[in-house]
Amino acid sequence: MKKIQLFILLIGTLIYGQRPVDLVNPLVDSANSRWFFFSSATRPFGMVNLSPDMGTAGAWESGYRYNQKTINFFSHIHAWQLSGIPVMPTTGKIKAHLGPKAYGSVYSHDRETVEAGYHALVLDDYNIKAELTSTVRVGFHRYTFPKSDQSAVILDLSAQLGPSGTRSGYVKKVSNKKLQGYAVMEKTVRRPKDTKVFFSLHFDRPFEDLYAFQNGKLLGKTKEFKGENGGVYPVFKTKEGEQIMMKVAISYVSMEQAELNLQTELDHWDFDAVVQDSKNQWNDYLGRIEIKGNTKDQQIRFYTDLWHALQGRRIISDVNGKYSDMTGVKQRIGQIPLDINGKPKFNHYNSDSFWGAQWTLNTLWHLIYPRISEEFVNSMLLMYDDGGLIPRGPSGGNYTYVMTGASTTPFIVSAYMKGIRGFDVEKAYEGMLKNALPGGIMSKVGYEHNTNKGGGIEYYIDRGYVPFPMYDKKYGYHQCGPGVTMEYAYQDWTLAQLAKALNKTNDHQMLEKRAANYRNIYDPSSGWMRGRTFDGSWVEPFDPLVYESDYKHPLGSGFVEATAAAATWFVPHDLAGLAQLMGGKETAAKRLNRSFLIAEQHGFVTHNHRGDKFVSSYRKRAFINYGNQPSMQTGYIFNYFGKPWLTQKWVRDVIEDVYSDNDPEHGYSGDEDQGLMGALSVLMKIGLFEMKGGADIDPAYDLSSPVFDQITLHLDQDYYSGKTFTIKALGNSLKNKYIQSVKLNEKPLNQSWFHHKDLVKGGTLEYILGEEPNYSWATDEELLPTSMSDQK
């Protein structure tokens, strides 16, 4: 690992004269930001994600919003259902008690710099230059003030911060340079308990006095504040151009832990050194994939996508491994096991769902960042120890039950299959099997905190499908019988592979039998997957282009964030079996190609921010939607049907239409979802994918034509024997998207896949590309990638 870091740091992976970190554009799609989407002053997976907030109400259309003219404050947490600790420097008349709409400031992009690890802008109302950077757990501010007898920094413990309001707060004056306290962030429909965010705040110079405000009034000087609807503001006298620096460390455990985080990570005041250290750390992570060729614009977008793949899912444990466990009735402080040097063996993480990660994070993280994958698995098992379930999207130590199914099962299985085994696999298997049975996480649909009904796992086991609708009552979000039937079938197949690897024969047979349950909701009369009622009848009326939430039944159409037409292709473990249902691979390929031809007319997404009339009129009525997870795999299905040139065509076309924009108005045409869409874009651009999520006994990569002339993957030799794997694309261009031939380590490769074990030994994959398809490459029936039905 150290050799990789040193190599990348030394050569800087210079591209167009810049390092990968210098090519990141955090402003991509920032006009359409979701609370946890935007990042600037943060580290990879950092607990602190410090940035300006223009929008503050709700999880959507909040946080940094490029087109909004006023900054309310700078807050330190932008995570899945977590937020907290907003601050705002001001001068002149104090308006803290009037709220952020009053004390906020206009700004101009002309005087703004936004980079990976650094954000700077001028607050025009106060003529203050604000600069932001961070360590993992500490936000670092540098403010350049004008001359003023009343320069202040507002700490607002009453603000709405994206998904969560601030219920109350506490601040104590430790000294004229130090404040400590906490904010109680209100529970949400997704995070079921109030969550405390503790802080320790240090200034590099003493303030004159500390003042408080509450309930719309200024309260005067104070040494302590506690309560609702208020906060504090220290006041300074400043000269023209005087700089004041501030560190804000956070913890979910205690004020003392926040102070420990600060003293451990940031025991000095060299702001510029922290900026440089942040950039170096980002360059280490980003430089593990080195690219050459194509345009600078495409390289900028590539490293921006990779940057997003390392964002959103954030550390919640402290430097010594203490963390907040909220799985029980009351908060419990837990301790991550320590290594022989007294350091935590891994970090604990906050995360949105892994729904869709089988086609994104499973491949990218396991291959390029295996240590991160191992940490996430151990974090999931830590929560299993605490609360009895492996989570699918924890928030601040709480279960959220976000989305559906057991979406972390393929992630864990894939890690094991690829040799990432620094975790208790027997415990992991036990927890994943529990999730696949009544009372486990498959019993719950989205945000179903208090019941175990919405998931319908009992019906799935008994009948081979989850009926739709099951109940008149809505127990949670995405109560979608046919949709979850398909998810469960795939997830059962992945767990069956681990059962086989661990010689659990009975479990393997039981789970693999369940993995065929997708067949029970295929309607041969319509040719689509379709909901079935309790008595086995097909749901009426039926329209394959109706989206989940648009159906006349209040529970939706039955497919999770998808139409039946898009969801029908969700059989990644058994595409051969799906093709049989459709009348053979030729027929299935023609149907899928027609879907792409239609989707091409609306840019392969169901909505975007370009204002396209066609897209607007077809919102959500789609055969293919690359703006969300359910269609991620569709371009690579043609490899399995013996028509790899269609994979090459459509993957390249999707890249061009969906994942090439580089401006604040465009970028992900939907919801980037904590690195899932960024990771997908990275994988498509390097031409590596995994249809089955890497959960095979012997995982294999599916191929498409890369968009860069050369791609070098720097492998972590703590996990893999190889040092680098290089992908070369000779004749590569926008028009030359079709594979003419491939060599793996100088030997011809006439198939559209190769094994993970061969990649991680190191070596070279060399393409020759051309403008016309080669209809004979990788079409031999015996060499097509296999499916579950092929192996019986």
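The values are calculated or read from the model by the stated rules, or taken from the named source; none is laboratory data. The structure presented is a predicted model; accordingly, all values stated were derived computationally and were not measured. In this analysis, Cβ positions are derived from the backbone assuming ideal geometry, glycine residues included, and neighbour counts consider all displayed protein chains. Accessible surface areas use protein heavy atoms only, side chains included; no ligands, DNA or RNA. Shrake-Rupley method; radii C 1.70, N 1.55, O 1.52, S 1.80 Å.
Given the structure, is GLY431 closer than 18 Å to GLU561 by Cα and open to solvent by less than 40 Å² (accessible area, probe 1.4 Å)? So that I can check it myself, show each step before the final result.
Values: closer than 18 Å to GLU561 by Cα: no; open to solvent by less than 40 Å² (accessible area, probe 1.4 Å): yes.
Taking the combined requirement at face value, the residue does not satisfy it.
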message: Please go through the range 757-792 and give me each residue that is surrounded by fewer than 14 Cβ atoms within 10 Å (Cβ to Cβ) and assigned to a loop (DSSP other than H, G, I, E, B), ordered by number.
response: GLU771, GLU772, TYR775, SER776, ASP780, LYS792
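Here's the yes/no breakdown for (1) assigned to a loop (DSSP other than H, G, I, E, B); (2) at positive phi; (3) modelled with pLDDT of 90 or more:
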position: ILE4; (1), (2), (3): no, no, no
position: THR13; (1), (2), (3): yes, yes, no
position: ASN25; (1), (2), (3): yes, no, yes
position: ALA31; (1), (2), (3): no, no, yes
position: TRP35; (1), (2), (3): yes, no, yes
position: PHE38; (1), (2), (3): yes, no, yes
position: MET47; (1), (2), (3): yes, no, yes
position: LEU50; (1), (2), (3): no, no, yes
statement: With criteria (1) open to solvent by 10 Å² or more (accessible area, probe 1.4 Å); (2) among the charged types (D, E, K, R); (3) modelled with pLDDT of 95 or more, LYS685 comes up short on (1)
message: Show the residue pairs meeting these rules: Cβ distance below 9 Å; 6+ apart or different chains; first residue within the range 509-521 and closer than 15 Å to VAL466 by Cβ; second residue hydroxyl-bearing (Ser, Thr, Tyr) and outside any helix (DSSP H, G or I).
response: ASN517/TYR465; TYR518/TYR465; ASN520/TYR465; ILE521/TYR465
- prompt: What tally of residues in the range 736-756 results from selecting those that are more than 17 Å from TYR775 (Cα to Cα), assigned to a loop (DSSP other than H, G, I, E, B) and of a type outside the set (Asp, Glu)?
  reply: 1
message: So in the range 380-399, with the set limited to residues that are touching a strand residue (DSSP E or B) at 6+ places or on another chain (Cβ under 9 Å) and not in a loop (DSSP other than H, G, I, E, B), which one is surrounded by the fewest Cβ atoms within 10 Å (Cβ to Cβ)?
response: ASP385
query: Which ones in the range 740-756 are surrounded by 15 or more Cβ atoms within 10 Å (Cβ to Cβ) and out of contact with any Gly (no Cβ under 8 Å at 6 or more places or on another chain)?
result: SER741, VAL742, LEU749, GLN751, SER752, TRP753, PHE754
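Sort through ASN280, ASN294 and tell me the only one that's assigned to a loop (DSSP other than H, G, I, E, B), at pLDDT 95 or above, more than 11 Å from THR135 (Cβ to Cβ) and within 27 Å of the chain's Cα centre (by Cα). Can you show your working first?
Values: ASN280 fails: assigned to a loop (DSSP other than H, G, I, E, B).
One residue alone meets the criteria, ASN294.
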Number of positions in the range 95-133 that are out of contact with any helix residue (DSSP H, G or I) (no Cβ under 7 Å at 6 or more places or on another chain) and either at pLDDT below 95 or small (Gly, Ala, Ser) (or both): 7
Residue check for VAL329: assigned to a loop (DSSP other than H, G, I, E, B), over 30 Å from VAL760 (Cβ atoms), out of contact with any Lys or Arg (no Cβ under 6 Å at 6 or more places or on another chain) and modelled with pLDDT under 95: yes
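Look through the range 561-603, keep the residues that are within 24 Å of the chain's Cα centre (by Cα) and at pLDDT 95 or above, and return whichever of them is farthest from GLN791 (Cα to Cα).
As a first pass, look at the range 561-603 and keep what is within 24 Å of the chain's Cα centre (by Cα): 561-563, 566-567, 569-573, 603.
Going one step further and asking which of them are at pLDDT 95 or above, we end up with 566-567, 569-573.
Values: ALA566: 26, ALA567: 24, TRP569: 20, PHE570: 19, VAL571: 15, PRO572: 14, HIS573: 11 Å.
Per the criteria, the residue is ALA566.
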- line: LEU219 fails exactly one of (1) without any contact (Cβ under 8 Å) to a residue 40 or more places away in the chain; (2) under 30 Å from THR404 (Cβ atoms), namely (2)
task: Mind listing whichever residues of the range 521-537 are open to solvent by 50 Å² or more (accessible area, probe 1.4 Å) and not in a loop (DSSP other than H, G, I, E, B)?
output: ARG532
task: Identify all residues within the range 220-244 that are open to solvent by 50 Å² or more (accessible area, probe 1.4 Å) and either over 15 Å from LYS178 (Cα atoms) or among the β-branched types (Val, Ile, Thr) (or both); write none if there are none.
output: LYS221, LYS226, GLU228, ASN229, LYS237, LYS239, GLU240, GLN243
message: Out of everything in the range 470-505 that is open to solvent by less than 40 Å² (accessible area, probe 1.4 Å) and either without any contact (Cβ under 8 Å) to a residue 12 or more places away in the chain or part of a loop (DSSP other than H, G, I, E, B) (or both), what residue ends up being farthest from VAL413 (Cα to Cα)?
response: MET470
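Being under 31 Å from the mean Cα position of the chain (by Cα) and surrounded by fewer than 22 Cβ atoms within 10 Å (Cβ to Cβ) narrows it down to one of VAL197, VAL189, VAL174, VAL138, so name that one.
Working: VAL197 fails: surrounded by fewer than 22 Cβ atoms within 10 Å (Cβ to Cβ); VAL174 fails: under 31 Å from the mean Cα position of the chain (by Cα); VAL138 fails: surrounded by fewer than 22 Cβ atoms within 10 Å (Cβ to Cβ).
Residue meeting the stated conditions: VAL189.
Can you confirm whether the range 191-202 contains a residue that is under 30 Å from TYR447 (Cβ atoms), touching a residue at least 60 places away in the same chain (Cβ under 8 Å) and in contact with a helix residue (DSSP H, G or I) (Cβ under 6 Å, 6 or more places away or on another chain)?
Taking the range 191-202 and keeping what is under 30 Å from TYR447 (Cβ atoms), we get 191-199.
Retained after the next criterion (residues that are touching a residue at least 60 places away in the same chain (Cβ under 8 Å)): 191-193, 195-199.
From what is left, the residues that are in contact with a helix residue (DSSP H, G or I) (Cβ under 6 Å, 6 or more places away or on another chain) are 198-199.
Yes, some residue in the range 191-202 is under 30 Å from TYR447 (Cβ atoms), touching a residue at least 60 places away in the same chain (Cβ under 8 Å) and in contact with a helix residue (DSSP H, G or I) (Cβ under 6 Å, 6 or more places away or on another chain).
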- prompt: Which pairs have Cβ atoms under 7 Å, sit 6 or more apart or on different chains, and link a residue in the range 700-719 that is among the aromatic types (Phe, Trp, Tyr) to one that is assigned to a loop (DSSP other than H, G, I, E, B)?
  reply: TYR701/GLU690; PHE708/GLY293; PHE708/ASN294; TYR719/GLY419; TYR719/ILE420
query: Considering VAL402, VAL319, VAL377, which residue is assigned to a loop (DSSP other than H, G, I, E, B) and over 18 Å from GLN81 (Cβ atoms)?
result: VAL319
message: Go through the range 644-682 and report how many residues are closer than 12 Å to LEU306 by Cα and either open to solvent by 20 Å² or more (accessible area, probe 1.4 Å) or small (Gly, Ala, Ser) (or both).
response: 4
query: Among the residues of the range 48-107, which ones are within 26 Å of LEU210 (Cβ to Cβ), open to solvent by 20 Å² or more (accessible area, probe 1.4 Å) and of a type outside the set (Ser, Thr, Tyr)?
result: GLY92, LYS93, LYS95, HIS97, LEU98, PRO100, LYS101, ALA102
message: If a residue must be open to solvent by less than 50 Å² (accessible area, probe 1.4 Å), in contact (Cβ under 8 Å) with a residue 24 or more places away in the chain and either at negative phi or among the hydrophobic types (A, V, I, L, M, F, W, C) (or both), how many such residues does the range 450-469 contain?
response: 9
- request: Within the range 297-323, track down each residue that is open to solvent by less than 10 Å² (accessible area, probe 1.4 Å) and more than 16 Å from ASP352 (Cα to Cα).
  value: GLN299, ARG301, PHE302, TYR303, THR304, ASP305, LEU306, TRP307, SER317, ASP318, GLY321, TYR323
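Do we have LEU262 as under 14 Å from MET47 (Cα atoms) and touching a His at 6+ places or on another chain (Cβ under 9 Å) here? I'd like the intermediate steps shown before the answer.
Numbers: under 14 Å from MET47 (Cα atoms): yes; touching a His at 6+ places or on another chain (Cβ under 9 Å): yes.
Against the criterion (under 14 Å from MET47 (Cα atoms) and touching a His at 6+ places or on another chain (Cβ under 9 Å)), LEU262 qualifies.
Quick check on this structure: which one of THR188, THR133, THR144 is part of a strand (DSSP E or B) and either under 27 Å from GLU61 (Cα atoms) or free of Cβ contacts under 8 Å to residues at least 60 places away in the same chain (or both)?
None of the other options fit; the residue is THR133.
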